[in-house]
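Notes follow the structure.
Laboratory data are not the source of any read-out in this text; all were calculated from the coordinates shown. Because the structure is a prediction, the values reported are computed rather than measured. Cβ atoms come from the backbone with ideal geometry, glycine included; neighbour counts cover every protein chain shown.
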Amino acid sequence: MRKLVVRSAVPSQSAQAARPAAAQNAPMNTGESPFDLTALRHYLAAHIPGLGPQLSARAFAGGQSNPTFLLTDGDGQWVLRKKPAGELLPSAHAVDREYRVIRALHGTQVPVARPICLCEDASVIGTMFYVMEFVQGRIFWDPALPELTNAERGALYDDVNRVVAALHSVQPDSVGLQGYGREGQFLERQIARWSRQYQASETRPIPEMHKLIAWLPGHIPAAQGHGIVHGDLRLDNMIFHPTEPRVLALLDWELSTLGDPLADLGYHMLPWHLTAQQFRGMAGEDLALLGIPSEHDYLTAWCRRTGHAPVDESTWTFYLVYNMFRLAAILQGIARRAEDGTAAASNARETGAKAGPIAAFAWQLAMRQLGAS
């Protein structure tokens with residue numbers, strides 16, 4: 001009998017009650033399959049021993065980037081991620097890169113779903129795709145974790161910190177990821193990339209984005225290291241054990257590359273600065289009362305686990321500003337796809353509209369703490 005590892009994107013009932021949007025990534029029946037299941041089953045039979053004769057697919061609603069589907073043959077379950085249809089921005093939706101990094105990290109201290117196969121032949125289902133095991137567990141959408149106790153919150157954030165530090169401690173060459181990204185001038189290249197992405201997806205001008213595009217390149221601090229960066233280290237891109245405060249899998253590696261781990265950590269720690277209304281944050285919450293570590297304590301724990309030197313305030317602030325700029329550029333891409341009619345999520349227009357306020361907040365932070373003008 002096949003050993004199954006099931007990924008469940010269904011939050012607990014308390015999570016759904018606390019935040020109705022939490023149900024958006026739950027598998028949903030979508031009627032007729034958007035691709036040829038017969039052709040897909042024929043392809044997968046060479047990679048999944050004992051695959052049953054009937055294959056079905058259900059979409060995960062709420063995904064903003066690469067359409068994701070739950071596959072089952074009535075016995076086993078897997079996850080398929082594919083490029084979206086239509087015209088795409090340059091370098092976006094790189095499911096082949098996702099697959100490569102998952103395959104490289106499988107078996108390390110970084111928990112990932114077991115990779116099954118990558119199909120680069122678009123004739124099978126219309127676009128490139130990959131398949132991985134479906135990991136059973138919980139997804140938390142609200143970083144304040146209203147469904148948990150104080151002790152559980154503290155333990156969960158400690159394990160998240162452990163996993164993030166483990167990722168940032170992996171030497172790329174040791175797992176076959178040499179050449180996965182260029183070395184040197186990471187922030188320079190990222191700022192240039194997200195500037196281009198924003199400009200290519202602009203639907204209406206955001207003045208603060210133009211100010212940040214002009215200001216950021218001239219104020220980059222010295223590089224803080226080189227390693228594997230996930231690129232989207234949000235809490236809801238992690239699958240947690242069904243009952244324990246433990247990460248079972250990091251998901252959504254589309255933006256992964258080699259670069260400055262502190263930049264990756266800065267994005268991961270934006271919830272300490274953004275509110276729930278701005279974008280899945282917890283700013284304004286009484287973290288001590290909730291049992292959640294302060295920004296200082298969480299950053300200090302990461303430095304201890306990775307061996308990184310303490311980070312000075314101005315350097316850390318720049319990384320936060322950069323990541324708010326980057327997040328705004330990502331959200332603007334969602335806004336563009338919503339306008340073009342190619343977005344995967346029903347709430348894409350609402351999500352994309354957050355780009356402007358986040359860019360404005362980033363510019364205010366740069367002016368207030370870094371003297372931007």
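Electrostatic bookkeeping for R305 treats Lys and Arg as +1 and Asp and Glu as -1; over the other residues with beta carbon under 15 Å from its beta carbon, the sum is -2. Starting from a Cα-only point model with no solvent, please compute log10 I(q)/I(0) by Debye for the chain at q = 0.07, 0.11, 0.12, 0.15 1/Å. The computed values of log10 I(q)/I(0) come out as -0.30, -0.77, -0.93, -1.52.
Residues considered: A85, A359, A338. Largest GNM mean-square fluctuation over the chain, using C-alpha springs under 10 Å, is found at A85. Computed over segment 231-370, relative contact order equals 18 percent, with contacts defined as Cα pairs under 8 Å that lie 6+ residues apart. Counted residue by residue at 0.36 nm each, then reduced by the alpha carbon distance between them, the extension gain from S174 to D297 reaches 41.3 nm. Dipole of the chain computed with +1 at Lys/Arg Cβ and -1 at Asp/Glu Cβ about the Cα centre; of P245, L327, T317, farthest Cα towards the positive end is L327. Normalised by the number of residues in segment 185-270, the average gap of Cα pairs under 8 Å and 6 or more apart makes the relative contact order 33 percent. Taking label positions 7 Å along the Cα-Cβ direction at both R182 and H210, the computed distance is 2.7 nm, reported to one decimal. Helix 355-370 sits at what angle to the longest principal axis of the chain, using alpha carbons and giving 0 to 90 degrees rounded to 10? Long axis of 355-370 versus the principal axis of the chain: about 30 degrees. Estimate the FRET efficiency between A151 and D121 by the formula 1/(1 + (r/R0)^6), using the beta-carbon distance for r and 56 Å for R0, to the nearest 0.05. The pair A151/D121 has a calculated efficiency of 0.70. For segment 188-239, treating each Cα as an identical point scatterer without solvent, what Debye log10 I(q)/I(0) comes out at q = 0.19, 0.20, 0.25 1/Å? Relative scattering, expressed as log10 I(q)/I(0), comes to -0.86, -0.91, -1.04. When only alpha carbons of segment 98-247 are considered, Rg and Dmax amount to 18.8, 51 Å. With coordinates expressed along the principal axes, the C-alpha atoms belonging to segment 181-331 extend over 44, 34, 29 Å, beginning with the largest. Only Cα pairs under 8 Å and 6+ residues apart enter the sum, and on that basis the relative contact order of the chain stands at 18 percent. In terms of surrounding Cβ atoms within a 10 Å radius of their Cβ, E202, E147 rank from fewest to most as E202, E147. Its residue count N sets the reference 2.2 N^0.38 Å, and the alpha-carbon radius of gyration of segment 270-369 equals 1.25 times that reference. Relative to the first principal axis of the alpha-carbon coordinates of the chain, what is the inclination of helix 150-169, with its axis defined by its Cα atoms, in degrees from 0 to 90 and to the nearest 10? Compared with the principal axis, the helix lies near 90 degrees. For the pair R304 and L289, label points projected 7 Å from Cα toward Cβ lie 2.7 nm apart.
Each label was represented as a point 7 Å from its Cα along the Cα-to-Cβ direction; for H241 and Q364 these points are 4.1 nm apart. The residues S169, S56, S65, S373, when put in order of fewest to most other Cβ atoms within 10 Å, stand as S373, S56, S169, S65. By the count of other C-beta atoms within 10 Å, a proxy for reagent exposure, L331, L212 are ordered fewest to most as L331, L212.
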